[in-house]
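This report concerns only the one structure given below.
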Amino acid sequence: MSSDTPVPPHRETAAPVDYRFTLANERTFLAWIRTSLGLLAGAVAVHALVEPVEAGRALRAAVLVCLALALVLALGAYRRWRLVERVMRAGGPLPSPGSVPVLATGVAVVSLLAAASVLLT
């Protein structure tokens with residue numbers, strides 16, 4: 001069963017799920033939310049620090065990438081949590097973590113923008 005295939009409603013309650021798996025899924029969701037909040041806090045902090053100084057486009061772009069990444073991760077965390085709950089209840093294979101490459105690429109872009117800002121000032 002791929003991650004794009006919806007689980008039929010009649011199969012969602014086919015088998016009881018061990019509560020430890022449900023709690024592990026919830027902890028994973030909360031970890032993604034913490035990461036999203038960290039990115040959001042970092043974007044707000046950098047914006048507050050660079051706004052009075054007029055630091056340049058690279059840092060402003062880094063702030064925007066952090067904000068966008070925070071939004072994407074928060075929405076993706078909820079979507080994945082819900083999907084994993086459904087798949088566990090249906091007894092299917094777990095989907096691959098799609099947010100990992102998004103986060104890695106986003107952090108790499110933010111790092112490059114921050115480095116460019118430091119080198120150009």
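The values are calculated or read from the model by the stated rules, or taken from the named source; none is laboratory data. Since this is a predicted model, take the numbers as computed values, not measurements. Please note: Cβ atoms are built from the backbone with ideal geometry, for glycine as well, and neighbour counts cover all protein chains shown. Keep in mind that these areas ignore ligands, DNA and RNA; they rest on the heavy atoms of the full protein, side chains included. Shrake-Rupley method; radii C 1.70, N 1.55, O 1.52, S 1.80 Å.
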- Message: Any residue in the stretch 14-36 that is open to solvent by 50 Å² or more (accessible area, probe 1.4 Å) sitting within a Cβ distance under 9 Å of a residue that is not in a helix (DSSP H, G or I)? List the pairs, counting only those 6 or more apart or interchain.
- Response: A14/G91; T28/P97
- Give me the pairs, please: first residue somewhere in the stretch 72-93 and in a helix (DSSP H, G or I), second residue anywhere and of a type in the set (F, W, Y) and surrounded by fewer than 16 Cβ atoms within 10 Å (Cβ to Cβ), beta-carbon distance under 8 Å, and either six or more positions apart or on two chains. M88/F21
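Going through the stretch 94-108 one residue at a time, which ones are loosely packed, with under 14 Cβ neighbours inside 10 Å and either touching a helix residue (DSSP H, G or I) at 6+ places or on another chain (Cβ under 7 Å) or not β-branched (V, I, T) (or both)?
The answer is S96, G98, P101, A104, A108.
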- Using the structure shown, decide if S111 is among the polar types (S, T, N, Q), surrounded by 15 or more Cβ atoms within 10 Å (Cβ to Cβ) and either in contact with a Ser or Thr (Cβ under 8 Å, 6 or more places away or on another chain) or assigned to a helix (DSSP H, G or I) (or both). no
- Somewhere in the stretch 42-63, is a residue under 27 Å from S96 (Cβ atoms), part of a helix (DSSP H, G or I) and out of contact with any helix residue (DSSP H, G or I) (no Cβ under 6 Å at 6 or more places or on another chain)? no
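Within the stretch 68-79, is even one residue more than 11 Å from the chain's Cα centre (by Cα) and surrounded by 14 or more Cβ atoms within 10 Å (Cβ to Cβ)?
Within the stretch 68-79, the first condition is being more than 11 Å from the chain's Cα centre (by Cα), and the residues that meet it are none.
Checked the stretch 68-79: no residue is more than 11 Å from the chain's Cα centre (by Cα) and surrounded by 14 or more Cβ atoms within 10 Å (Cβ to Cβ).
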